[in-house]
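This report concerns only the one structure given below.
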Amino acid sequence: MNMLTHDIHVDPKAPRSRSRTVRNGSIVVGALILAGGAWKFTHQAPAAAAPPPATVTVATPLVRDVRAWDDYVGRFAPSKTVEVRPRVSGQVVGVHFKDGDIVRQGQLLFTIDPRPFAAALAEARANAASARSTLALARSDLARANRLVGDEAVSAGEVDALKARVQAAEAAVAAADARVRQRALDIEFTHVTAPITGRISDRRVDPGNQIAGGEGTTGSLLTTINALDPIYFTFDGSEALFLKAQRARASGAKASPVEIQLQDESDYRWKGQLDFTDNGLDPRSGTIRGRAILRNPNYFLTPGMFGNMRLADGGTTLALLVPDTAIRTDQARKIVIESTATGMDALTVRPTFNTR
C-alpha cells in the first residue's frame, strides 16, 4: 500500500477535475489491493481434519462357577539333599559318574584304595582264629575237670577258675568276630555309593587325592545329591492362609491343590498339593512358611527356580467374569468401565477370582 501511494503524484496547479480523477483512481487501486488480499486469504490450504472418534468394544460379562485362588511367589527346593562323605580315610582311585548326572540309589560313585583295609581284615580274621583256639582249649580243660570232680581229684575252686577261662575265651572270640565285621565294613566303605536317587553335583575331589573319613561333617565332602522327584515348592503365606489350612484340616478336607507357573510360561501347567505348613508364624512379618509337593518325572524343575503359585481355597463360587483387557489399574484399585443406557460408568473391581 505504501509503494502505491509513493508512485502516484498529484500536482497542486492542475485543474480540480483532474485532481478528483486522481483521487478516484487511488480509491480504486486500494480497493483492488484489499480484494486481492481477501482472495489470497480465502484460497489458502484447508485446515487439518479432526481425528475420528475412538472405537469402543463392548463385551458382555459371563456368569460362571469359578474356583477362588490365592496367589503366592516362591522357590523350588529339593525333597531330599545329601552330602556324600567317606566313612573311611584313604586315597581316591576312581570316580564313576559325570558331573550333573542323574544317579540311582546304590550306584557306585567313588572308589577308595581298599588294599590297606584288606590287610586289616586278614589280620582280624587271624586273631579270631586264635581266639577260637584258646576257647577250644579252655572248654577241653573244663570238661576234664568236671570228670574228676566225682573222685575229688579236683577242687571246686579249680573248676570255677576253668569256667571263668571258658567265659573269657568266649568273650575274646566275640570281640575278634566283631573286629572282623568292622574290617569287612571298612572294605565295603571303600566303595562310596549314592544314598538316594537324584541329580548329583560336580565332584569335589579327583583320583589321587587323600580324603579323610569320619562321622558327620568330619569327613571330606565328595559331592552332593538332590532328590528332584518329587520336588518341593516353598513360599511364605499370610496368617489368613494358616487359618484357612487349619479350618480345612479340622473339617476333614483333602490337601489343597496348587498350580505353579514359571516365569516364561503363560499358564499354570505344574500341579501339586499343599503338604506342610510350619508350626509357628514369624512375629516380625506375620507370615508362615508353607510347602507344596509336586511330581517332576523329567527333572525339568530345578531347586532355586522361582515360580508363581496359586492355591485353591476349596469349592467354587458363582462370579461375574470380564476380559482382562477391560480391567484398568488405578494405584491400589482395579477399575472396569460399565456401559449403561445413560452412558459409561466406572466400577471398582475387587480381584478375588482368577479368570485364567
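Values in this text are rule-based calculations from the coordinates and carry no lab data. What you are looking at is a predicted structure, and each value in this text was computed from that prediction instead of being measured. Using ideal geometry, Cβ is built from the backbone for each residue, glycine included, and neighbour counts are taken over all protein chains shown.
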Next item on the list: Compute the signed sum of charges (Lys and Arg +1, Asp and Glu -1) over the other residues within less than 10 Å, Cβ to Cβ, of E215.
Entry: +2
Next item on the list: Taking just the C-alpha trace of region 250-316, give me its Rg and Dmax in Å.
Entry: 13.7, 39
Checklist line | Square roots of five times the Cα gyration tensor eigenvalues for region 200-326, Å | finding: 38, 21, 13
Note to self: Rounded to the nearest angstrom and ordered from largest down, what semi-axes does the equivalent ellipsoid of region 124-244 get from its C-alpha gyration tensor (root of 5λ)?
What the structure shows: 59, 23, 11
Item checked: Sites matching GluC sites (Glu not before Pro) across region 148-196 that sit in DSSP coil, with at most 12 neighbouring C-beta atoms within 10 Å -> E152
Checklist line | 9 Å beta-carbon shell around A169, net charge (K/R +1, D/E -1) | finding: +2
Next item on the list: Give the Debye-formula value of log10 I(q)/I(0) at each listed q (0.16, 0.19, 0.21 Å⁻¹), with one equal scatterer per alpha carbon of region 114-189, two decimals each.
Entry: -0.62, -0.74, -0.82
